[in-house]
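Novice: Dumping the structure here so I can ask a few things about it.
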Amino acid sequence: MKTYIVNGNVCFEENTEICDIEITDHYISAIGVNLPRESGSKVIDAKGKLVLPGLVDFHSHFQETVGPHTSNETYTTGTKVAILNGITTVNCFVSQNFNQSLSIAIGSAVEKAKDKIYCDVRWHITPTRFSDINYNDIAKWIERGFTSFKFYTTYKQSNLYLPYEKLLEIVRRLNRYDPTIIVHCEDEAVMNSARISNGNPKNIKAQAIIRNEEAELFATEKVIDICKMTQVNIVIAHVSSADTLGQVELAKRDCPLICEVTPHYVFLNQDRYLQENGHRYLVTPPLRSEECRELMQKKILMDYADIFSSNHRSYSKSDKDRSKIDYRQNPAGIPTIGALFYLFSDLFINQYDFPLHIYVRKLTSNPARMAGIYPQKGVIAENSDADIIIVNPNGESRPVVPTLVNSYNPWEDFNTRFSMDYVFLRGQLVVKDNKLIDEDNMSGEILCETD
Ligand SMILES: [Zn+2]
């Protein structure tokens, strides 16, 4: 049976247009004004609504263990809150531990997700061993769709840290596969000198003094050099300061640099650390000053960001509350995935009337391209997967809910009037009026080959 979505304001990559969409099985089979309809088909009138590609979250952490802390967001609960809020594909992370092979690391993530997900999932991978044999292994996984990598210029204790020379060597070795390289940029030496000159403070607010804007800017400049030398697609992850945004924007003239922005540094500032339970806002990089936040907002409204992601990470209150005084013992990250669309849409659509298709690209086709899943995902086009959301921009005001697990809501000050009227996942209607149609229907698929 075919489904028709008619009269909606449909968001394409290059424009928006009032037209109809025909869905056959799992894909989009036709697009046009007044499409002829097969009799007996299902028709959804989307008049006055926004019809967008299913959102692609480029950056989310589910069920990961970092040091002694494990995120309490499972693949099942994480994909559930994702699909309820219009996200039809989530990019998660797999890091290779020092004592395991890449295959074991990937296998255990797949095991956690397989047949237990409400939306589609793929992974960015972080290999940590780089002998010739390891490169052969990496090549094998690239062939199976693991085409995007995350590397870090920090986190020595977690065995993730890479010096810039090593990072350059890795990017050069991977270059032939046309990969996407995502880099978390914070410079260890800059942070160390801030640590020493400030007497090694440990309180939550000190994190912002040590992991400062300069550290991000310095590391980003080094990574920009690598991008210029190799011309490989490099995503600067979760840019936290307006200066870094400016540097990245400038460098885009010379190399394929991509700028990822998350809601943290656009909608929150470090005054949060002074509130009661301020330690629950601990994120890395840290929240910045109000002045910096304001500049971030101005620059993303000047179109500096390419991808908007959630950088979702949820911990239980008891995990977050274990250390209120020493930032190093506090697991970094806040639940955000369920809030992603509403926070940015309120700014871009309601407050600033930004060109809709340019804004929506940052949540759809741009991340899909970098994840190597475009045009199957991230776009409303013939033959693409029918991942489509129908959004009412004038619904009743309601709070944004970043997670459904037992955590806390760092976005409790934010409301939205956007309502997810319909969410289609590969042609199947899975959400109606902000609710799952069938709680037992975990029909998400893994977008990489895993056997
Ligand atoms: Zn992250």
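The values are calculated or read from the model by the stated rules, or taken from the named source; none is laboratory data. What you are looking at is a predicted structure, and each value in this text was computed from that prediction instead of being measured. Cβ atoms come from the backbone with ideal geometry, glycine included; neighbour counts cover every protein chain shown. Side chains are part of the model used for accessible areas, which takes the heavy atoms of the whole protein and leaves out ligands, DNA and RNA. Shrake-Rupley method; radii C 1.70, N 1.55, O 1.52, S 1.80 Å.
Novice: Would you mind telling me the share, in percent, of accessible area of the range 54-370 contributed by carbon and sulfur at probe 1.4 angstrom?
Specialist: Details: 5400 of 11440 Å².
Within the range 54-370, the accessible surface is 47 percent carbon and sulfur.
Novice: List the DSSP H helices in the chain whose Cα atoms stretch 18 Å or more along the helix axis and whose mean Kyte-Doolittle hydropathy is at least -0.5.
Specialist: The qualifying helices are 213-230.
Novice: With a 10 Å radius around each residue's Cβ, average the other Cβ atoms per peptide and rank 329-337, 311-319, 251-259, highest first.
Specialist: 329-337, 311-319, 251-259
Novice: Further question: Leaving out ligands and nucleic acids, note down the accessible area per residue over the range 54-370 with a 1.4 angstrom probe, in whole Å².
Specialist: It amounts to 36 Å² per residue over the range 54-370.
Novice: Please report, for the Cα atoms of the range 204-248, the Rg to one decimal and the Dmax as a whole number; what are they, in angstrom?
Specialist: 11.8, 38
Novice: Then there is this: Among residues other than CYS448 whose Cβ falls under 9 Å from its Cβ, what is the net charge (Lys/Arg +1, Asp/Glu -1)?
Specialist: The answer is +1.
Novice: Moving on to the next point. Under 26 Å from the Cα of LYS47, which lysines turn up, not counting those fewer than eight places away in the same chain?
Specialist: By straight Cα distance, LYS47 reaches LYS2, LYS362, LYS377, LYS432, LYS435.
Novice: Shifting gears a bit: Got the relative contact order for the chain handy, in percent, Cα pairs under 8 Å and 6 or more residues apart?
Specialist: Once divided by the residue count of the chain, the mean separation gives 22 percent.
Novice: At 1.4 Å probe size, put ARG417, ARG361 in order of accessible surface, largest to smallest. Intermediate values should be presented prior to the final figure.
Specialist: Details: ARG417 115, ARG361 60 Å².
Reading off the accessible areas and sorting them downward yields ARG417, ARG361.
Novice: Would you pull out the residues with amide H under 5 Å of ILE204's amide H, same chain only if 5 or more places away, H placed 1.01 Å from N?
Specialist: The answer is TYR327.
Novice: Over its Cα atoms, what ratio of radius of gyration to 2.2 N^0.38 Å does the range 1-96 give?
Specialist: Scaled against compact globular proteins, the figure is 1.45.
Novice: Report the extension gain between ILE437 and MET1 in nm, rounded to one decimal, defined as 0.36 nm multiplied by the number of residues separating them, less their alpha carbon distance.
Specialist: Gain on stretching ILE437 to MET1: 155.1 nm.
Novice: Same structure, new question: Highest mean first, how do 53-65, 10-22, 229-241, 347-359 rank when packing is the count of other Cβ atoms within 10 Å averaged over residues?
Specialist: 53-65, 229-241, 10-22, 347-359
Novice: Moving on. Accessible area of ARG37, 1.4 Å probe, to the nearest 10 Å²?
Specialist: Per-residue accessible area (ARG37): approximately 130 Å².
Novice: Given a cut-off of under 8 Å on Cα pairs at least six residues apart, what relative contact order in percent is computed for the range 1-53?
Specialist: Numbers: 107 pairs, mean separation 25.3, N = 53.
Relative contact order for the range 1-53 comes out at 48 percent.
Novice: Additional query: Can you list residues from other chains, or at least 5 along the same chain, whose modelled amide H is less than 5 Å from the amide H of TRP123?
Specialist: So TRP123 has HN proximity to CYS92.
Novice: Viscosity 0.692 mPa s, temperature 37 °C: Stokes-Einstein D of the range 76-230 from its Kirkwood Cα radius, in µm² per second?
Specialist: Value of D from the Cα-based Kirkwood radius: 188 µm²/s.
Novice: Right, next: Can you put ASP271, ASP187 in order of accessible area, largest first, using a 1.4 Å probe? Display every interim value, and only then the final one.
Specialist: Numbers: ASP271 90, ASP187 10 Å².
Ranked list, largest accessible area first: ASP271, ASP187.
Novice: Please list, in chain and number order, the residues 5+ apart from SER384 or on another chain whose amide H is under 5 Å from its amide H, with Hs placed from the backbone.
Specialist: ILE28
Novice: Moving to a separate point now. So what is the calculated 222 nm ellipticity per residue for the chain, using -39500 (n - 2.57) for each DSSP H run with n of 4 or more, over all residues, to the nearest 500 deg cm²/dmol?
Specialist: My calculation for the chain gives -8000 deg cm²/dmol from helical runs alone.
Novice: To continue, here is another question. Determine the percent antiparallel among the DSSP beta bridges restricted to the chain, to the nearest 5.
Specialist: Around 50 percent antiparallel, to the nearest 5.
Novice: Ok, one more. Can you list, by residue number, the Cys in the chain that have no neighbouring cysteine C-beta under 4.7 Å?
Specialist: CYS11, CYS19, CYS92, CYS119, CYS185, CYS259, CYS292, CYS448
Novice: Please sort 395-402, 88-95, 144-151 by packing, taking for each peptide the average over its residues of neighbouring beta carbons within 10 angstrom, highest first.
Specialist: The packing order, highest mean first, is 88-95, 144-151, 395-402.
Novice: Can you give the net charge of the other residues whose Cβ lies under 15 Å from the Cβ of ARG211, counting K and R as +1 and D and E as -1?
Specialist: Around ARG211, the surrounding residues sum to -2.
Novice: Taking every pair of distinct Cα atoms and averaging 1/r, then inverting, what Kirkwood hydrodynamic radius in Å comes out for the range 320-413? Write down the numbers at each step before the final one.
Specialist: Numbers: mean 1/r = 0.0621 Å⁻¹.
That comes to 16.1 Å for the range 320-413.
Novice: Taking square-rooted eigenvalues a ≥ b ≥ c of the alpha carbon gyration tensor, is the range 54-370 rounded, prolate or oblate, where a/c under 1.5 means rounded and, failing that, a/b exceeding b/c means prolate?
Specialist: rounded
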